[in-house]
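For reference, the structure is listed below as structure tokens.
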Amino acid sequence: MKKVLLIINGPGGPFSAFANMFKPLAETSEQFEVEVTDDRERLADISGFDAVALYIVGGEFTPEQERGLTNFVKGGGGLLAVHASNAMLSQYNDFMELIGTEFIGHDPLATFEVTMEDGFDDVLPRLNKKFRVTDECFKIKPRTSDPLRYFQYGTWRLEKYPLGYVRDYGKGKVFYTALGHDDITFRHPDFQDQ
């Protein structure tokens, strides 16, 4: 059984709603045990976990927390970063390098089409190649010079925006999706299959 530490911003709002969707969904598979916390101090020592999931926005990291997370992934741990986990944290260069991108804006909450790139069946074997979702179509910019394998794009106002990618980080793996604004998306089966 793999152990996952889910860090959220705190009780209430979309943070608790995400945790209430994610924990039972992951644990129902009988492959994962999820611990949920809003205590970022847990990032200073992540030993005993196989992966960290982040559903956060902004806030602060101590140098020990930032180093704990980056060293954890570099040493072979997994990181799932969801939605605004790359927003309002630009001052943390090592964290931004780990995540790989920075949030720079979004369009209003609306329904738009999401498409998957070919060649990602090894990462996302069950995900539909095309679906519609009501969410924010994020705009992100790279914060690493290392390659990002973009697997998911959103089309809004005839423009195509990258929404999801995977990347290697040392011996570990990073998975990022910009989707996940609120419970509407959390209940979407294609979001859950990521």
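The values are calculated or read from the model by the stated rules, or taken from the named source; none is laboratory data. Computed from a predicted structure; not experimentally measured. Glycine also receives a Cβ, built like all others from the backbone with ideal geometry; neighbour counts cover every protein chain displayed. Just the protein is used for accessible areas: all its heavy atoms, side chains included, with ligands, DNA and RNA removed. Shrake-Rupley method; radii C 1.70, N 1.55, O 1.52, S 1.80 Å.
If you take Rg and Dmax of the Cα atoms in Å from the coordinates, which of [x] 18.9, 61; [y] 17.1, 50; [z] 15.5, 45 do you get? Evaluating Rg and Dmax of the Cα atoms in Å on these atoms matches [z]. For residue 103, the solvent-accessible surface with a 1.4 Å probe is about 50 Å², rounded to the nearest 10. Evaluated over the chain, the count of Lys pairs having alpha-carbon atoms less than 20 Å apart is 16 (only pairs 8 or more residues apart or interchain). Ligands, DNA and RNA left out, the 1.4 Å accessible surface of region 19-155 is 48% carbon and sulfur atoms. Just 143, 40, 157 to compare: in a GNM of the chain, with alpha carbon springs under 10 Å, which one fluctuates most? Largest GNM mean-square fluctuation: 157. Solvent-accessible area per residue in the chain equals 47 Å², computed with a 1.4 angstrom probe and all protein chains kept. Among 98, 127, 54, the largest mean-square fluctuation in a Gaussian network model of the chain (Cα springs under 10 Å) belongs to 127.
Using R0 = 25 Å, the C-beta based FRET efficiency linking residue 115 and residue 29 works out to 0.45. Helical content of the chain, expressed as a calculated mean residue ellipticity at 222 nm, amounts to -6000 deg cm²/dmol (DSSP H runs of 4 or more residues, -39,500 (n - 2.57) each, divided by residue number, nearest 500).
Charged side chains reduced to their Cβ positions (Lys and Arg at +1, Asp and Glu at -1) give the chain a dipole of some 400 debye around its Cα centre. Computed on protein heavy atoms with a 1.4 Å probe, the accessible areas place 150, 169 in the order 150, 169, largest first.
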